[in-house]
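**Q** Here it is: the structure, laid out below.
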Amino acid sequence: MTEHSDEVARLADIARRLQKLTDALFRDVDDVYGSFSWRLGNTFVATAMRLLGMPRGTVSADHVERLRRDYGDLQRHLQRSLALMPRSESSWHSREDYTRWRCAQPNFSDYQLKKKYQIILLWQAEFGNPEPVVGDCLEEALGYAIAQVCYPGTAPIIDTRCKWLILVDRPTRLAPDILPALEDWLDDNTDAMLCYPDEDQLDPDGNRTAPQLKPDWSPDLFYERHYPGCVIALRADQWPHFASSAQGPNPIFNLFLAYLKRYPDIRPGHVPRVLHHRLRAAEPPESAPAQRQALEKYLQCAYPGAQVLARQGGRLRPRFPLPEKQPLVSVIIPMRDRAQMTRDLVADLQKKTDWNALDILILDNGSKERESQRWLKTVAETPNIRVLALPGPFNFSRINNKGACLAKGDLLLFLNNDLRVIHADWLAEMVRHALRSEVAAVGAKLYYPDNRVQHAGVVLGLGSLAGHVFRLADPSDPGYMQRLVTTCNYSAVTAACMMIRRSVFQRLGGFDEKLAVACNDVDLCLRAVEAGSINVWTPDAELYHLESASRGGDATIGRFIRLQKEFKRMRRRWGHMINQDPMYHPGLSRAFEDYSLRVDSSIDDQTLERLDLCN
């Protein structure tokens, strides 16, 4: 059975590699064909041929269209094949890719430690022998670390010579270079008081697999899934504040809650390096209910009435409270012609959405079709629906800023007119997050009409400037670290479906009207992050998205030039975050959207085999 599973995993990995390769190849072809220089050359050639009276013949456009058809057939075939081979978290990255990735990581073998560390194992009797956890680490530390095992009911004795404590509360194996790697990070982050590293897992044969390359601090991901893990570093002078919290079956999780309560404005740090290797072991039976109760108690301090429910896979689902009276939500919908699309969306808001307090604004950007004009005149007479004429060139930012100025609600919901509702409670789920004081923008999970994922959060630096993670993923795919089914934080979410408090939107100055079409939502979200807020993406608000169907694409030369100007403006303003998005690990690919590893394909096989054998 194991051999069969391994073979299925290997075939699935080959299929995914082929899918990524063909996707990248086609995007390159599409980029070349859509480039300004290519289109300009084609225009000159076509004009010259007409003047010379020469027949058109077969041109590049014909070849590209044929390639589109062939590519689409291949992608659909691969998608059907992959649907039969679901990817688990433990097999998300192939062993070969992970080994190549490890080859490119920094080497701390010659690092000279300057600080002393104390390793404290907060141990349960059922975990067995704790010695394997620290053996390699103590051997490499050469007197710079001491270890102590604390069973329930016993308190550690803190060595005053040690400036940092390494806390461990589950069976794992500390990496030999954990201390030099940690100290190297601390030298650059001198204000840190608490931090967590990345991790991977040891399989039954002792091979390193399933790396968890984590984002910087993501509170919503932490609430639903204790992603910091079972190894953290705490500044020793902070231990007296948290010693009483680091108890029970989940001492590190409890310590994090106490830290967040004591230091709400000081985010835990993230060491972007794999510094321990999880061992397969059963969780204490009381762990899950105790974690749920502790989180619920913590959330209720800030949000009375908050509940914590259980999700599949051992994850938690905080359910933030709604006020007794529904707050008014102003729904802002730009459109131009193709009235049936907007009519369907309005019908979904009225009949398929469990939210009555709606103020719907339809912003008409110069519709010319008679059917559209008739419908706009009719719908304007409907209670709680207003129509505003905004003719002129399409400028998403200007149109939506005008709608926000006229909105009556305390909550703004920006919607593309090509959306369709899936579940009735989608809007209520977005409201729950938008009302939280620390939250700015809230984004939804959007699907293409064929049910594949279209939007599950925006990552900076993905592709050329920013991209949607997990795009084209199967609807049943849980995603890397289960992020497709877990509420979490991203630097940005798409304004195709975005909710934000009106007060926050006004304080940020609205959308930048110099970003007429592209990146305006990303820019708004980044200004919110810069101001100290967080942006939330939730999988509990699901809609279909037809992708700018009533506006069309960026096919003309004029639009291409405009797009390049907007990209240049974004790079000038947010270059530092585009280079490294804090919500996306630096070791993950910028070329692919599926959380692939950023691997060095130039590493020779002998080096690869040597590292793989050494683990």
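Just so you know, all these numbers are worked out from the coordinates, no wet-lab data involved. For clarity, every value in this text was computed on a predicted model and none was experimentally measured. Counting neighbours? That spans all protein chains shown, and the Cβs are built from the backbone with ideal geometry, glycine included.
**Q** What FRET efficiency comes out for K297 versus D265 if R0 is 22 angstrom and r is the Cβ-Cβ distance? Round to the nearest 0.05.
**A** 0.55
**Q** Okay, moving on. Using DSSP, restrict attention to beta bridges with both residues in segment 132-285 and report what percent are antiparallel, rounded to the nearest 5. Write out the running numbers ahead of the final one.
**A** Details: 13 of 19 bridges.
Taking every DSSP beta bridge with both residues in segment 132-285, the antiparallel ones total about 70 percent.
**Q** Right, next: Between R452 and I561, what FRET efficiency comes out of the Förster formula 1/(1 + (r/R0)^6) with R0 = 30 Å and r the beta carbon distance, rounded to 0.05? It would help to have the intermediate numbers written out before the result.
**A** Details: r = 31 Å, r/R0 = 1.04.
The computed FRET efficiency comes out at 0.45.
**Q** Going down the table (K214/K352; K351/K377; K261/K325), which pairs top 27 Å between alpha carbons?
**A** Working: K214/K352 37 Å; K351/K377 21 Å; K261/K325 29 Å.
The answer is K214/K352; K261/K325.
**Q** Given +1 on the Cβ of Lys and Arg, -1 on the Cβ of Asp and Glu, and no further charges, what dipole in debye does segment 383-501 carry about its Cα centre, rounded to the nearest 20? Could you put the intermediate results ahead of the total?
**A** On the way: 12 positive and 8 negative charges, 76 e Å.
Dipole size: approximately 360 debye.
**Q** Follow-up. Multiply the residue gap between I158 and S244 by 0.36 nm, knock off their C-alpha separation, and tell me the result in nm, one decimal place. Show your work: numbers first, answer last.
**A** Values: separation 86, 0.36 × 86 = 30.96 nm, distance 1.41 nm.
Full extension from I158 to S244 adds 29.6 nm.
**Q** Give me the extension gain from D110 to T378: residue separation times 0.36 nm, minus the current Cα-Cα distance, reported in nm with one decimal. Mind showing how you got there, number by number?
**A** Working: separation 268, 0.36 × 268 = 96.48 nm, distance 7.58 nm.
Additional length available on full extension: 88.9 nm.
**Q** Taking the Cβ of Q291 as the centre, find all other residues whose Cβ is under 14 Å away and add up their charges (Lys, Arg: +1; Asp, Glu: -1). Write out the running numbers ahead of the final one.
**A** Details: positive: R170, R225, R292, K297, R311, R315, R317; negative: D169, E224, E283, E286, E296.
Charge balance in the 14 Å sphere: +2.
**Q** Further question on the same structure: Taking segment 130-194, which trypsin sites (Lys or Arg not before Pro) meet the DSSP loop condition and have no more than 16 other C-beta atoms within 10 Å?
**A** On the way: sites: R161, K163, R173; in loops: R161, K163.
Of the trypsin sites (Lys or Arg not before Pro), the ones in loops of segment 130-194 whose Cβ has at most 16 other Cβ atoms within 10 Å are R161, K163.
**Q** Follow-up. With a Förster radius of 30 Å, plug the Cβ-Cβ distance of D344 and K514 into 1/(1 + (r/R0)^6) and report the FRET value to the nearest 0.05.
**A** Here the calculated transfer efficiency is 0.40.
**Q** Also, quick follow-up: Restricting the count to DSSP beta bridges whose residues both fall in segment 301-432, what percent are antiparallel, rounded to a multiple of 5?
**A** Values: 4 of 20 bridges.
Percentage antiparallel, nearest 5: 20.
**Q** Taking 0.36 nm per intervening residue step and subtracting the Cα-Cα distance, what contour gain separates Y151 from A290 on full extension? List each step's numbers first, then the result.
**A** On the way: separation 139, 0.36 × 139 = 50.04 nm, distance 1.79 nm.
Full-extension gain reported as 48.3 nm.
**Q** Using label points projected 7 Å from each Cα along Cα→Cβ, tell me how many nm separate R311 and T43, to one decimal.
**A** 4.8 nm
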